[in-house]
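I'd like to ask you about the structure that follows.
The values are calculated or read from the model by the stated rules, or taken from the named source; none is laboratory data. Since the structure is predicted, the reported quantities are computational estimates derived from the model, not experimental observations. Note that we place each Cβ from the backbone using ideal geometry, even for glycine, and neighbour counts take in every protein chain shown.
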Amino acid sequence: MPSTRSGWWLPTALSLALGLLTFVVVATTAPAPAFAQKKQSAKALIKKGQDQFDEQLYEESIQTLSAALMRPGIAKKEKIRVYQLLAYNYIVLQRDEEADGAVRGLLVLDPKYALPETESPRFRDFFEKTRETWNDEGRPGLEVDGPDTTAKPVVIKHTAPAQVSSGLTVSLDGKIDDPDAVVDKVILFYRAGTEGKFEQKRVNFAMRKFTVDIPGDAVEPPLVEYYIQAVDTDGLPVATRGDVENPLRIAVPEEGGASVVESPWLWVPVSLAVVAAVVIPIVIVSTQQRDSTVTVNVFDP
């Protein structure tokens, strides 16, 4: 005689399925405090770069301003300010070629631009010297009437590793789409954790492909951050994959700790579309001690 309790597992299975579905929804919508990144506006980055310059954090200021320069939709006025502050940083660091490139970038946007009389003579003299040379060379880069000479965008194609063991060297590679061949060199910026200064490293770049290693001594739990920047012959950024405010991140688990795939925060970037079809295998032992397997399909109506 069949047991009257042979179907007891069905509501239990449905309950488990709905419970897991609830977990997935929460996991995919809950914020991840340690890994969330908010993209700042160009205006906010310029303000931060100005503050860093005032605090004599020149390398940090350059990195922040470079990120501002790469923000989509940055206004012309904001670009001019970025070039001005970049030039100031490079002048102080005695990196004259890069300072010259920043001033030239500014003059292309506004050929009549002049620093106010209240600025340091050191800066004003450099700006005027660069202006004279730029004028003598025929104002290269200045837009003129005629065929469209706008440079085509440079794109860095690279996929960040999801996870790496602590202390291991991380090998990175990628490709750069550079239709007008404006990229002169590629630079890696990296650091352990989420605070402190980014270290710089020249990237091996040839035939529009690049390779570079993050040293093992920078690979520490809980993560390593980095970004890749392409610059032109003037040392100005023309493309970036990540930046100082929104770097790429690689998880570095503690020794013996859970891997990144076991962390609930792995679900955070996953689209809710994943929840549309959840298949849950459940093993049930009936009252007659026989194993049976039930598969419950839960669909988003």
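If Thr159 satisfies all but one of (1) surrounded by fewer than 13 Cβ atoms within 10 Å (Cβ to Cβ); (2) free of Cβ contacts under 8 Å to residues at least 12 places away in the same chain, what's the number of the condition it fails?
Exception for Thr159: condition (2).
Could you tell me which numbered condition Arg131 fails, if it satisfies all but one of (1) within 20 Å of Arg95 (Cβ to Cβ); (2) of a type in the set (Lys, Arg); (3) within 16 Å of the chain's Cα centre (by Cα)?
Of everything listed in (1) within 20 Å of Arg95 (Cβ to Cβ); (2) of a type in the set (Lys, Arg); (3) within 16 Å of the chain's Cα centre (by Cα), Arg131 misses just condition (3).
Further question: From Val231, Val219, which residue is over 15 Å from the mean Cα position of the chain (by Cα) and within 25 Å of Ala68 (Cβ to Cβ)?
The conditions single out Val231.
Here are some residues: Lys209, Lys201, Lys197. Which one is in contact (Cβ under 8 Å) with a residue 40 or more places away in the chain, of a type in the set (Lys, Arg) and outside the structural domain of Arg71 (by TED's automatic domain parsing)?
After applying the criteria, what remains is Lys197.
Can you tell me which residues in region 39-82 are part of a helix (DSSP H, G or I) and small (Gly, Ala, Ser)?
Passing the criteria: Ala42, Ala44, Gly49, Ser61, Ser66, Ala67, Ala68.
Working only within region 181-198, note down all residues that are more than 16 Å from the chain's Cα centre (by Cα) and surrounded by 13 or more Cβ atoms within 10 Å (Cβ to Cβ).
Val182, Val183, Asp184, Lys185
Ok, one more. When both residues are 6+ apart or on different chains and their Cβ atoms are under 7 Å apart, which pairs have a first residue that lies in region 181-193 and is assigned by TED's automatic domain parsing to the domain that holds Asp213 and farther than 15 Å from Ser66 by Cα, and a second that is among the hydroxyl-bearing types (Ser, Thr, Tyr) and outside any strand (DSSP E or B)?
Asp184/Thr233
On to the next question. Hey, among the residues in region 226-253 that are of a type in the set (Gly, Ala, Ser) and in contact with a helix residue (DSSP H, G or I) (Cβ under 7 Å, 6 or more places away or on another chain), which one's nearest to Leu172 (Cα to Cα)?
The qualifying residue nearest to Leu172 (Cα to Cα) is Ala251.
If you check every pair at least six apart or on different chains, which have Cβ atoms under 6 Å apart with a residue in region 35-64 that is within 21 Å of Val231 (Cα to Cα) first and a residue that is of a type in the set (Phe, Trp, Tyr) and at pLDDT 95 or above second?
Short answer, once both residue conditions are applied: Ser61/Phe53.
Being within 28 Å of Pro179 (Cβ to Cβ) and over 18 Å from the mean Cα position of the chain (by Cα): is that true of Phe205 here?
yes
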